[in-house]
Amino acid sequence: MSAVDRHLPIVESAPSRRVLLWPDEAATAAFATRWAQQAELANAFIALHGDLGAGKTTLVRHLLQALGVTGRIKSPTYAVVEPYELPALNIWHFDFYRFNDPEEWEEAGFRDIFASPGLKLAEWPDKAAGMLPMADVALHLHTQPDTTRQVTLVAGTPRGEALLRACDGAAA
């Protein structure tokens, strides 16, 4: 069992749902490394749910680093979106926490971004409800009293189901 695999215990598994436990940030990084290796991630839309401090931005940071993004990776809380361009992949990291007006969606060109190829990661997707397409994976982070994260992943598409199957190999 590799260092990447040992941190990803599966608590629950169903065809379109996985529940994982991440005991620490190393487990978050291990999950990000595993997911970064999945071809399906290249055009996925991942909706990230969780309270403030649950680890959404930390997960995105580890995922972007695992995909090859170098330099500073900052939260797009004030900018709403941070784009990243890799040789073979465009990535957009959204944070809709301060999103208030649906007209902002059209004015900012977000519809065009979501219609284009590339990875889209959205924190606080509920703030843009009705504007976003169906997420390939809705990832819910819940902080436990001991700082463990319970992570529930729900697939919304066949691409999402393929990404969930990548979690299964982590428990083997």
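The values are calculated or read from the model by the stated rules, or taken from the named source; none is laboratory data. On a predicted model such as this, the values are computed, not experimentally measured, just so you know. All Cβ positions, glycine included, derive from the backbone under ideal geometry; neighbour counts span all protein chains shown. To get the accessible areas, we keep the full protein, side chains included, count just its heavy atoms, and leave off ligands, DNA and RNA. Shrake-Rupley method; radii C 1.70, N 1.55, O 1.52, S 1.80 Å.
Would you please name the residue that is most open to solvent (accessible area, probe 1.4 Å), looking only at residues in the stretch 25-83 that are touching a Lys or Arg at 6+ places or on another chain (Cβ under 6 Å) and not hydrophobic (A, V, I, L, M, F, W, C)?
Within the stretch 25-83, the match that is most open to solvent (accessible area, probe 1.4 Å) is GLU40.
From the list LEU41, LEU20, which residue is assigned to a helix (DSSP H, G or I) and modelled with pLDDT of 90 or more?
Step by step, each of LEU41, LEU20 is checked, and only LEU41 is assigned to a helix (DSSP H, G or I) and modelled with pLDDT of 90 or more.
What are the pairs with Cβ atoms under 8 angstrom where one residue, in the stretch 103-120, is more than 15 Å from ILE91 (Cβ to Cβ) and the other, located anywhere, is open to solvent by 40 Å² or more (accessible area, probe 1.4 Å) and of a type in the set (D, E, K, R)? Sequence gap at least six, or different chains.
Hits for this filter: TRP105/ARG111.
Can you list the strands (runs of 3 or more DSSP E) found entirely within the stretch 97-172 that contain at least 3 residues being among the aliphatic types (A, V, I, L, M) and surrounded by fewer than 16 Cβ atoms within 10 Å (Cβ to Cβ)? If you could, list the steps in order and put the result at the bottom.
Details: elements: 119-123, 137-143, 149-155.
In the stretch 97-172, there are no strands (runs of 3 or more DSSP E) which contain 3 or more residues that are among the aliphatic types (A, V, I, L, M) and surrounded by fewer than 16 Cβ atoms within 10 Å (Cβ to Cβ).
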